[in-house]
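To start, the structure itself, in structure tokens.
The values are calculated or read from the model by the stated rules, or taken from the named source; none is laboratory data. Here the structure is a predicted model, which means the values were calculated and not measured. Here the Cβ positions follow ideal geometry from the backbone for every residue, glycine too, while neighbour counts run over all protein chains shown. Surface areas here come from the heavy atoms of the whole protein model, side chains and all, with no ligands, DNA or RNA. Shrake-Rupley method; radii C 1.70, N 1.55, O 1.52, S 1.80 Å.
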Amino acid sequence: MSCPPEPTRPYVLLSCAASIDGYIDDASEQRLMLSNDDDLDRVDAVRASCDAILVGAGTVRRDDPRLLVRSATRRAERVAAGRPASPTKVTLTARGDLDPTARFFTAGEPARLVYCATGALEKTRERIGGLATVVNAGEPVDPGWLLADLAARGVRRLMVEGGGTVHAQFLAAGLADELHLVVAPFFVGDARAPRFVGEGRFPWHPGRRARLAEARQIGDVVLLRYALSARCPTNPTSPAG
């Protein structure tokens, strides 16, 4: 019996925390903490289960994330299984405005991939070519092509941590299998602040509702886990992807 063909793209899990009124940050220069310690540990466990973590260049600039598995136990388990201690870091950029001193490039030892629009390829390679693999991803960057390229590099499970523009791109293109949306118990109420996603045409609408696979209280926040494709397991204890 022949083996089933490999999927043409990784399993894509979107992860986001938002206020009750749908904002993922406020308009100040300080990062708004929407989650709590228990939920951050859950997110760390999800990271540890993935082969790569993707954020947009705007998130790299604004939040300066490390994108590493925090738990020493989880890092050790990955290494014991023959995997890197933390997943590959991935970002995408249209303009190449990336700071080589950002923690995306300097924290930890994971491989780093930068998917860049063709017009900014030379600039991006000059700025960070020695710190990451820079990939020409077309003009504009095509998330479907990006996923196929990640699959060819051995990425089977991808966690997308934002920001809102990147989440909207994957959702509008129907390229998400699962969404973890954490709701924080407060309002932001400032139109200048970024929202989870902006305007767009999405595959889920009043005539085609997303399937809620799980709702879980985690301290003072609530996790809503939506199954966005048939690849997403309904059982929250089942391995995804």
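Here Y115 meets the list (1) part of a loop (DSSP other than H, G, I, E, B); (2) modelled with pLDDT of 95 or more almost entirely, failing just condition (1). G130 satisfies every condition listed in (1) open to solvent by 10 Å² or more (accessible area, probe 1.4 Å); (2) closer than 29 Å to G22 by Cα; (3) not charged (D, E, K, R) except (2). Scanning the stretch 1-31 for residues that are modelled with pLDDT under 95 and closer than 20 Å to L68 by Cα turns up just one, R31.
For G163, state whether it is at pLDDT below 95 and either within 28 Å of Y23 (Cβ to Cβ) or among the hydroxyl-bearing types (S, T, Y) (or both).
It is true that G163 is at pLDDT below 95 and either within 28 Å of Y23 (Cβ to Cβ) or among the hydroxyl-bearing types (S, T, Y) (or both).
The residues on offer are L150, L171, L179, L121, and the sole one that is closer than 23 Å to R78 by Cα and not in a loop (DSSP other than H, G, I, E, B) is L150.
Suppose the filter is open to solvent by 30 Å² or more (accessible area, probe 1.4 Å), over 23 Å from F170 (Cα atoms), touching a residue at least 12 places away in the same chain (Cβ under 8 Å) and outside any loop (DSSP other than H, G, I, E, B); does R75 pass it?
Numbers: open to solvent by 30 Å² or more (accessible area, probe 1.4 Å): yes; over 23 Å from F170 (Cα atoms): yes; touching a residue at least 12 places away in the same chain (Cβ under 8 Å): yes; outside any loop (DSSP other than H, G, I, E, B): yes.
Judged against the criteria, R75 is a match.
Among what's in the stretch 154-172 and is touching an Asp or Glu at 6+ places or on another chain (Cβ under 9 Å) and surrounded by fewer than 21 Cβ atoms within 10 Å (Cβ to Cβ), pick the residue that is farthest from D25 (Cα to Cα). Residue satisfying both the conditions and the ranking: G154.
Tell me the residue from A193, A184, A137, A120 that is touching a residue at least 40 places away in the same chain (Cβ under 8 Å), of a type in the set (A, V, I, L, M, F, W, C), open to solvent by less than 50 Å² (accessible area, probe 1.4 Å) and more than 29 Å from L223 (Cα to Cα), please. I'd like the intermediate steps shown before the answer.
Values: A193 fails: more than 29 Å from L223 (Cα to Cα); A184 fails: more than 29 Å from L223 (Cα to Cα); A120 fails: touching a residue at least 40 places away in the same chain (Cβ under 8 Å).
The conditions single out A137.
D142 satisfies every condition listed in (1) closer than 23 Å to P10 by Cα; (2) free of Cβ contacts under 8 Å to residues at least 12 places away in the same chain; (3) surrounded by fewer than 16 Cβ atoms within 10 Å (Cβ to Cβ) except (3).
Considering the stretch 78-96, the residues that are among the charged types (D, E, K, R) and open to solvent by 50 Å² or more (accessible area, probe 1.4 Å) include one that is modelled with the highest pLDDT, namely R83. Out of the residues in the stretch 78-110 that are of a type in the set (D, E, K, R) and outside any loop (DSSP other than H, G, I, E, B), state the one that is nearest to L158 (Cα to Cα). In this case the residue turns out to be K89.
Say whether the condition of being at pLDDT 95 or above, within 17 Å of the chain's Cα centre (by Cα), within 24 Å of V46 (Cβ to Cβ) and among the aromatic types (F, W, Y) is met by at least one residue in the stretch 221-228. So that I can check it myself, show each step before the final result.
Narrowing the stretch 221-228 to residues at pLDDT 95 or above: 221-228.
Pick out the ones that are also within 17 Å of the chain's Cα centre (by Cα) and you get 223-228.
Among the residues that remain, those that are also within 24 Å of V46 (Cβ to Cβ) are: 223-228.
Filter once more, keeping what is among the aromatic types (F, W, Y): 226.
The answer is yes; a qualifying residue exists.
Checking R47, R66, R62 one by one, the residue that is surrounded by 15 or more Cβ atoms within 10 Å (Cβ to Cβ), among the basic types (K, R) and in contact with a helix residue (DSSP H, G or I) (Cβ under 7 Å, 6 or more places away or on another chain) is R66 and no other. Picking from residues in the stretch 35-72 that are among the polar types (S, T, N, Q) and part of a loop (DSSP other than H, G, I, E, B), the one that is farthest from Y11 (Cα to Cα) is N36. Applying the set (1) within 30 Å of A193 (Cβ to Cβ); (2) in contact (Cβ under 8 Å) with a residue 12 or more places away in the chain to T101 leaves exactly one unmet item: (2).
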